[in-house]
1. Within a 10 angstrom radius of the beta carbon, how do B:K153, A:K280 rank from fewest other beta carbons to most?
2. Could you give each residue of the range A:618-631 its phi-based ³J(HN,Hα) in whole Hz, using Karplus coefficients 6.51, -1.76, 1.60 with θ = phi - 60°, and x for Gly or Pro?
3. What whole-number value in cubic angstrom gives the convex hull volume per residue for the C-alpha atoms of chain A?
4. For A:A732 paired with B:K160, estimate the spin-label separation in nm (one decimal), with each label point 7 Å from Cα along the Cα-to-Cβ line.
5. Which order do peptides B:90-101, A:465-476 fall in by mean Cβ count within 10 Å, highest first?
6. Could you tell me the center-to-center distance, by alpha carbons, between the range A:708-722 and the range A:205-277 in angstrom?
7. Taking R0 as 41 Å, what's the FRET efficiency between B:R55 and A:N3 from their Cβ-Cβ distance, rounded to 0.05?
8. Hey, can you grab everything whose amide H is under 5 Å from the amide H of A:K355? Only 5+ residues off in sequence or another chain; H modelled, so Pro and N-termini drop out.
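No lab work stands behind these numbers, since they all come straight from the coordinates. These figures come from a predicted structure and were not determined experimentally. Here the Cβ positions follow ideal geometry from the backbone for every residue, glycine too, while neighbour counts run over all protein chains shown.
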Amino acid sequence: MINIEIDGKLVETEQGSTVMDAAHKAGVYIPHFCYHKKLSISANCRMCLVEVEKAPKPLPACATPAAEGMKVHTHSELAVKAQKGVMEFLLINHPLDCPICDQGGECELQDIAMGYGGGESRYAEEKRVVNPKQIGELISTNEMSRCIQCTRCVRFGQEIAGIMELGMANRTEHAQIMSFVNSSVDSELSGNMIDLCPVGALTSKPFRYTARSWELSRRKSVSPHDGLGSNLALHVKDNKVARVVPVENEAVNECWISDKDRFSYEGLNSPERLTRPMIKQDGKWVEVDWAPALEYVANGLRQIAGSAGAEHIAALATPHSTFEELYLLQKLLRGIGSGNVDYRLRQSDFSADGKQAGAPWLGMPVADINAADRFLVIGSFLRKDHPLLAQRIRQAVKQGAQANIVHAADDDLLMPVANKSIVAPDEMLNTLAQVLKALAAEKQAAVPAEIAAVTVGDAAIAIAKNLASGQQVAVLLGNFAQQHPQAAQIALLAEQIAALCAGRYGYLGEAANSVGAYLAGAVPFAGDVQGMNAAQMLAEPRKAYLLLNVEPELDMHNPQQAMSAMRAADMVVVMSAYKHHAMDYADVLLPVAPFSETSGTFVNTEGRAQSFKGAVKPLAEARPAWKVLRVLGNLLDVSGFDYDTSEAVRAEGLHTLSLDDKLGNRISGVAINIATESNGAGLQRVSDVPIYSADALVRRAASLQKTHDAAVPCVMLNGSQMQKLGVESGDAVKVSQGDASVQLTVQKNDSLPQGAVRVAAGHPATAALGAMFGIMSVERA
Amino acid sequence: MEKIKEFFKTFLLFELLKGMALTGRYMFARKITVQFPEEKTPQSFRFRGLHAQRRYANGEERCIGCKLCEAVCPALAIKIEVAEREDGTRRTTQYDIDLTKCIFCGFCEESCPVDAIVETRIFEYHGESRGDLYYTKPMLLAVGDKHETQIAKDRAADSKYR
């Protein structure tokens, strides 16, 4: 600790910290543009010049290390003169277009010019003009002349997003921020550059000119997308969400949010929104009031329960629904005598059901990821599935941690990866067994008998050696590993691997409320009435389905099977915010409110329950799903459905439990069995869920749908496979799975393992295909 | 002495004569009553009457939809919606002034960075119903188009004081 004096205030600050840090501690504000606490120091804006006693010239506070006994003056004559001078220089080329600038009213340059600038400009010459460039559908660079070259966006790309997509070309007055020739900014975190830009040079394209900052009211919410549960501020104008920005929460999302969190709000205002309850009568859709619609649902369910038995009623919900909704859904189903309720729509292995110690979770607090020094990431499209968790791992790797990957695809993680083993889906388990065996040898521990026979390869030894040398090991199971047909076995091996190196293991939660859904009991094995899991409900079609926010053609592990089950059902009740494919097979459509229009709770992947309130009123006749379920409960005479608020539901569902002892990944009572059934000749499907197809909301976010990540998925094959088939990149091919086939273009991807074909799931172009894992054949179309 | 004076004044109708003298003076003095609407009083170039939206000489509307007037309006009489026009410029899609709310303070004119919204010398506008006093963008532009010469002259006259 060193002592330093700032404007007469004595502060103690850490060795190696800067004058800016010390000033921050002392509560003294020093104006700045290029400095940002999460980015490296570049000291190029010069706005933070301060006077340091015994220094001949003013020094930049952000880049001057604090030293013992230093005396700093931020408001002395010299400092003020320097700040005024810098401000004048910065304003030389800055256009005076604040009235039409989207940043106007929340602009750092505007604020600081008010506080530190002169009243008039002495500059009468021509101002610099920078031509606008196209850098994609999310960030507008139409007014690059506003740029003050702070390079925050450049540093963000390099340091946080992991890829330098924007750079500064040329020198002095010709310096410009630009992307590489004709390329766009495609990072899944790119929207943060808009927040970082202290002026209006990088602005949000979807938001462009829709509102001024002072017209917006700011309401806190929680991201309904990935498992992280980023804290959001919804900016509301005229009862519409006009934009979304992050709320800083160091333990969850730091000060970032992913583009999915930021731009998905467009889906809230989509023209596809369902506005009134609808009933299908004689093959035609009729808009009705809530009362007859709910009456119709209650009667239908009562009839089916009476004639076929309650076990013929099934409910599927997405884990993007709130805790309250899921809790009431399962309570309703169990109340009428059916245990068929599940949220694990894309899961295919249910052998660990009821044998896990608690809700599958991350196994550690999110913030601990930064402290880990060895990672083993199993089966995860990390960047696309968990943009901000990937960012945390990237930061850890930067601090010296090493990442190891076992996966079926080799996507660029934009960070150095120490070792990777890219294998076909059916070899993943074997590969993990190899790692475990090698690790046991490394640690001189006993090798479990079940895996003693595996032959250990070089890649596995490298991974094991790497893990063995770590102090803080984190083994993380991605979405792909959770959806894998041997998910339970993968988890068992992961547990053993983590145990051998005294590390922790856990699941990267697929959705905002994956943990919450489990805690709410929206699983067939919870509670007193047990039933069928998601796969069984479709394999043995039920007579009635209640779908909560589910789009079966896109959200299910096997969309083909799901659709035929829906079509065969006597009654399908769809609770959805959107009109969608359900118009074909549903009998009732109930408009429910998305996350911005309802109060609720999401329990994120680290088991953090975050409640939020509705930011805007539900659109037209839409109603929060918990209210709909409550009334359904009353109509069906299920007891205990007299809630007045969602908080009462939450209190009943969450209050009695302390979350910590309800979380648990340990699986007991399942024997290790690494045998893999050989499922015939053909190519094994490797399927990811594209980042902007993952849930109903992002699918309707217009701008996200125009990005490269939302392009129609290609079939990816490795080069030798393509040669065998005689096709080239860009050719149309027919992909068949079982008796279903679709036509897609083919793309070469040499990092795919032999015998694998990558075909995305969750996208309308591939919705006709079968399960996410399985055998496919590809032929020239 | 004073008391005696008062006493005589009360029955000699002194006050009445004094009042009649004033009446008589005005009877023969020069008349100042204006015969509205045939005659009108002179106006300052800063007169704050009916609002108008101005255009540039090339016919382009001045307003850029910055919404400063909406923000500054103490009576909340202004309502603006903005969108990007096909040529990429920021333009209003809606610009309404509710003249029944307006208090003619002139803040809108003062806040406007492009002199788009102005208050003209017109004060004898009317409407047959309340709704007629809800001025929309085309109406405001029409006022501006009709009176642009006068508006420009008034701004020029005021410019040296601004």
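1. The most exposed by this proxy come first: B:K153, A:K280.
2. x, 5, 6, 8, 4, 9, x, 4, 5, 6, 4, 5, 4, 5
3. 180
4. The two pseudo-label positions are separated by 7.7 nm.
5. On the way: B:90-101: 18.0, A:465-476: 21.1.
Going by the mean number of other Cβ atoms within 10 Å, highest first, we get A:465-476, B:90-101.
6. Taking the Cα centre of each part, the range A:708-722 and the range A:205-277 sit 32 Å apart.
7. Details: r = 64 Å, r/R0 = 1.56.
Here the calculated transfer efficiency is 0.05.
8. none
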